[in-house]
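What follows is a short report on a single structure.
Where a number appears in this text, it was derived from the coordinates with a stated rule and is not lab data. Fair warning: this is a prediction, and the values are worked out from it, not measured in the lab. All Cβ positions, even for glycine, are placed from backbone atoms using ideal geometry, and neighbour counts span all protein chains on display.
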Amino acid sequence: MSNYQSAIAAVRAIKEKAGSSWDAINPESVARMRVQNKFKTGLEIAQYTADIMRRDMDAYDADSSKYTQSLGCWHGFVGQQKMISIKKHFGGNTDRRYLYLSGWMVAALRSEFGPLPDQSMHEKTTVADLVRELYTFLRQADARELGDLFRALDAASSESEKAAIQDQIDNHVTHVVPIIADIDAGFGNAEATYLMAKQMIEAGACALQIENQVADEKQCGHQDGKVTVPHADFHAKIRALRHAFLELGIDNGIIVARTDSEGAGLTKEIAVVKEPGDQGDQYNSYLDVEEIDVADMAEGDVCFNRNGKLVRPKRLPSGLYQFRPGTGEARCVFDSVEAIKAGADLIWIETATPNVADITAMMTEVRKEIPNAKLVYNNSPSFNWTLNFRQQAYDAMVEAGEDVSEYVRDDLMNVEYDNSELAKRADDKIRSFQADTAREAGIFHHLITLPTYHTTALSVDNLAKEYFGDAAMLGYVEGVQRKEIRQGIACVKHQNMSGSDIGDDHKEYFAGENALKAAGEKNTSNQFN
């Protein structure tokens, strides 16, 4: 018996026990609603998606070509459309394709304070609210797709046609996929981190990404002024995340530990050292210090003993201490190894440029101690990908002794180069970047943090230019609606996407032939059938 038929039988048995007052309840209608609502709680989603991610991590360990990808979201509709599009373009499945929830986009687009920089100034509950919203939209995508199948089942004229549709219903692939959710630096101390993590997990998040910056000085990973914390502080927050997962029964929840040390030259604390060579001692070893005599200590100086000598770390007017220049990559390696030892499942190294060799060099060092260490990498819009890869192609040509006289390295963004051999080589390397780093640098997951922020701005700019210009209404019709129709974009029927047809189904379940439905002859959406 199919899943759908089993659901009908189960509801029919319940109805028979209830007696005559339930005569108007149609078991088939209830069964359809049950099938359309596969996930009842956020914790069910968290467990389901954690299982997916763990399977994908194992598959990647066996074959590095099986890396995973995601795109950042700032609204439930955005996430829904991504997954609908993925199912449409990739054989009806969502394999190894996730969603990313960016703290940057939450700050810039979802705070009641208005647009904010990525500095953890937005409301703590906003991230969990967005996780919940994303899954609400993904679940509605399931209900909408299954609703179309149920209507097709009702209209089927032959048993073979019904059987084929029944098979699609029973083997329906959900739009619900893992979300990697950004918890910034934890929004406070370890207890605050734990409480916020619980909210996010209860909303459905199976993977939480936390960074090693000071919570009250947090900066975007691609801006200056980043301040890191000693490992003991960061690891307490990693353990807080693990306790939250375990308390809620998601025993295989995923923790992504991010290090911003490559671009972070500052620390707020000198780490506690319990014995020579320990974690704190290693952290302090990267500080920029000068050896002094006790007599040279000024009022208020902070000094400590290093290998029997008194040293004074260089302190800025802000009260912060600075690391020695050129230690960023070594600190990233140290941070990554220690985070995995502290219980993180994946690491994230924020870099200044997208360079396969640089990322591989750091991960090679990490993997000397943690052979199966896996990286989440930010394919960030903060990088000028075109310029970076054209410069890399230029340098490779110089190293190979090729003639580069027609190019000016400092002007490689020039549109005149767009069809050049150098630009072609650069684009080929951009195209293979994810596969190359998955193979060579242990990158399990590639994400773009802010893609829909930029695509929205670009599409609105194009529409405004055309619609308010000479094209007028043709600007919308030619630039948007006609393309939606030609590409089979589901939301061209926006009433259907908003849940109107699902609502009509429910009205019929509840009121039978008395239902007042929206999808009649005068519904203008019929023009798109």
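I need the shape label for the stretch 403-487. Rule: rounded when a/c is under 1.5, else prolate if a/b > b/c, else oblate, with a, b, c from the alpha carbon gyration tensor.
oblate
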Hey, could you pull the Cα Rg and Dmax for the stretch 471-515, both in Å?
-> 15.7, 47
With 20 Å bins from 0: P(r) over the chain, alpha-carbon pairs, percent = 18, 46, 28, 7, 1
Sorted by chain and number, the residues with a modelled amide H under 5 Å from that of His172, at a separation of 5 or more or across chains, are none
In the stretch 468-511, which chymotrypsin sites (Phe, Trp or Tyr not before Pro) are in a loop and have at most 15 other Cβ atoms within 10 Å, using DSSP for the loop call?
-> Phe468
Computed, not fitted: 222 nm per-residue ellipticity of the chain from DSSP H runs ≥ 4 (each -39500 (n - 2.57)), nearest 500, equal to -15500 deg cm²/dmol
So if R0 is 56 Å, what FRET efficiency would Ser420 and Ala13 give, r being the distance between their Cβ atoms, rounded to the nearest 0.05?
-> 0.20
Pick out, from Leu474, Ser498, Tyr509, the residue whose Cα sits farthest towards the positive end of the charge dipole of the stretch 471-515, with +1 on the Cβ of Lys and Arg and -1 on the Cβ of Asp and Glu.
-> Leu474
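With +1 on each Lys and Arg Cβ and -1 on each Asp and Glu Cβ, and nothing else charged, work out how big the dipole of the stretch 69-207 is about its Cα centre, in Debye to the nearest 20.
220 debye
I need the shape label for the stretch 359-454. Rule: rounded when a/c is under 1.5, else prolate if a/b > b/c, else oblate, with a, b, c from the alpha carbon gyration tensor.
Oblate, because a/c is 1.5 or more while a/b does not exceed b/c.
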Taking H as built 1.01 Å from N, whose amide H comes closer than 5 Å to the amide H of Ile443, not counting residues under 5 places away?
-> Leu375, Ala438
For the stretch 284-299, in order, what is each residue's ³J(HN,Hα) by Karplus, 6.51 cos²θ - 1.76 cosθ + 1.60 with θ = phi - 60°, in whole Hz (x at glycine and Pro)?
-> 5, 5, 8, 5, 7, 10, 10, 6, 9, 9, 3, 5, 8, 5, 8, 4
A chain fully extended from Phe528 to Ser405 at 0.36 nm per residue, minus the present Cα-Cα distance, gains in nm 38.8 nm
Please list, in chain and number order, the residues 5+ apart from Ser102 or on another chain whose amide H is under 5 Å from its amide H, with Hs placed from the backbone.
-> Cys73
Diffing the stretch 249-258: the Karplus 3J(HN,Hα) column from phi (6.51, -1.76, 1.60, θ = phi - 60°), in whole Hz with x for Gly and Pro, holds x, 9, 5, 10, x, 10, 10, 10, 9, 9
In units of 2.2 N^0.38 Å, the Cα radius of gyration of the stretch 1-54 is 1.47
Expressed in nanometres to one decimal, the distance between label points 7 Å along Cα→Cβ at His494 and Gln282 is 5.5 nm
Binning at 10 Å from 0, report for the stretch 262-363 what percent of all alpha-carbon pair distances ends up in each bin.
-> 13, 40, 31, 13, 3
Once fully extended, how much extra length lies between Phe304 and Phe468, figured as 0.36 nm per residue of separation less the alpha-carbon to alpha-carbon distance?
-> 52.4 nm
Using θ = phi - 60° and the Karplus curve 6.51 cos²θ - 1.76 cosθ + 1.60, what whole-Hz ³J(HN,Hα) does each residue of the stretch 262-278 get, with Gly and Pro shown as x?
-> 4, x, 9, x, 10, 9, 8, 10, 8, 5, 6, 10, 9, 7, x, x, 6
What's the Kirkwood radius of the stretch 231-311 in Å, using all Cα pairs?
-> 15.6 Å
